[in-house]
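A.B. asks: Submitted below is the structure of interest, expressed as structure tokens.
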Amino acid sequence: MKKSSFWLLAMLAAVFIIGCQNQKAPAEKAIADAESALTGIRDMATHYAPDQMQAVDAQLNGVKDSFAKGDYKAVLAAMPALNNAISNLKDTATAKQQEADAASAKAKDAWGPLSSDVPKMVDAISSRVDILSKSHHLPKGVTKDTLAAAKSGVDSMKSTWSDASNAASSGDYTTAVSKGQAVKDQASQIMQSLGMKS
């Protein structure tokens with residue numbers, strides 16, 4: 001009796017090992033497929049959905065740990081959730097990239113008028129500040145403090161405008177428009193303080 005139960009246990013162990021081996025190849029393929037899918041979207045996802053990308057990487061690492069321990073059943077059980085997470089990541093990153101592209105296209109359109117108007121405003125203010133600095137009498141409503149603020153404002157605007165132009169040159173129109181609009185707003189305030197028409 002003992003001999004037959006020994007053989008039975010040996011057979012069960014053999015079946016279990018074969019079963020595990022049978023699951024190894026599908027588990028290995030499933031991980032390779034998941035890694036391949038992730039490689040295809042990694043750059044986009046890292047840029048547009050970094051937190052979600054980290055979470056998916058953690059999930060993948062967990063599956064790889066199970067594989068390294070020989071727990072192929074756990075690998076195969078975890079794959080549907082991992083594949084779903086990769087699919088969601090791709091959808092999120094793609095949507096965010098499309099939003100960013102649309103915002104960039106809109107900003108590119110807005111940059112045209114800004115790049116024409118703002119330098120003229122800054123030049124007009126600079127010229128007005130030079131004239132007022134040489135004048136012995138300031139116009140009504142313009143004080144020495146106002147003039148000093150306008151003078152430092154010109155330097156600040158030129159610096160910010162340079163940053164905006166550099167951003168536009170490198171194709172980052174969103175930053176260019178953001179900085180350009182800030183200069184335009186500042187220019188409008190200074191023109192008002194100096195009694196100029198904007």
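A.B. asks: Name the most mobile residue of PRO26, PRO139, PRO119, meaning the one with the largest mean-square fluctuation, in a Gaussian network model of the chain with Cα contacts below 10 Å.
C.D. replies: So, out of PRO26, PRO139, PRO119, the one fluctuating most is PRO139.
A.B. asks: Same structure, new question: Can you list the lysines whose alpha carbon is less than 22 Å from that of LYS73, not counting same-chain residues fewer than 8 positions off?
C.D. replies: Qualifying lysines at Cα under 22 Å: LYS24, LYS29, LYS64.
A.B. asks: Further, regarding this structure: Counting other Cβ atoms within 10 Å, keep those with at most 12, restrict to DSSP loop, and tell me which trypsin sites (Lys or Arg not before Pro) in the range 89-181 are left.
C.D. replies: In loop regions of the range 89-181 (DSSP not H, G, I, E or B), the sparsely surrounded trypsin sites (Lys or Arg not before Pro) are LYS140.
A.B. asks: Accessible area, 1.4 Å probe, largest first: how do HIS137, HIS47 sort?
C.D. replies: The ordering from most to least exposed comes out as HIS137, HIS47.
A.B. asks: Quick one: work out Rg over Rh on the C-alpha atoms of the range 87-198, Rh as Kirkwood radius.
C.D. replies: Dividing the radius of gyration by the Kirkwood radius yields 1.19.
A.B. asks: Keeping all protein chains in the complex and leaving out DNA, RNA and ligands, what accessible area do you get for VAL154 with a 1.4 Å probe, in Å² to the nearest 10?
C.D. replies: 10 Å²
A.B. asks: With runs of 4+ DSSP H residues as the only contributors, calculate the mean residue ellipticity of the chain at 222 nm using -39,500 (n - 2.57) per run, divided by the residue total and rounded to the nearest 500.
C.D. replies: -32500 deg cm²/dmol
A.B. asks: Let me ask something additional. Evaluate 2.2 N^0.38 Å with N set to the residue count of the chain, then give the Cα radius of gyration divided by it.
C.D. replies: Normalised Cα radius of gyration, the chain: 2.00.
A.B. asks: While we're looking at this one, here's another question. Taking a cut-off of 16 Å between Cα atoms, list the aspartates and glutamates near LYS134, but don't count ones fewer than 8 places away on the same chain.
C.D. replies: Correct list for LYS134: ASP145.
A.B. asks: Quick check: at a probe of 1.4 Å, how many percent of the accessible area of the chain sits on carbon and sulfur atoms?
C.D. replies: Carbon with sulfur: 56 percent of the solvent-accessible area.
A.B. asks: Excluding same-chain residues fewer than 8 positions from LYS108, which lysines have a Cα within less than 22 Å of its Cα?
C.D. replies: LYS96, LYS120, LYS158, LYS179, LYS184
The values are calculated or read from the model by the stated rules, or taken from the named source; none is laboratory data. Predicted model only: the values in this text are computed from it and were never measured. For neighbour counting, all protein chains shown are included, and Cβ atoms are generated from backbone atoms with ideal geometry for every residue, glycine included. Quick note on the areas: whole protein, heavy atoms, side chains included, nothing else; ligands and nucleic acids left out. Shrake-Rupley method; radii C 1.70, N 1.55, O 1.52, S 1.80 Å.
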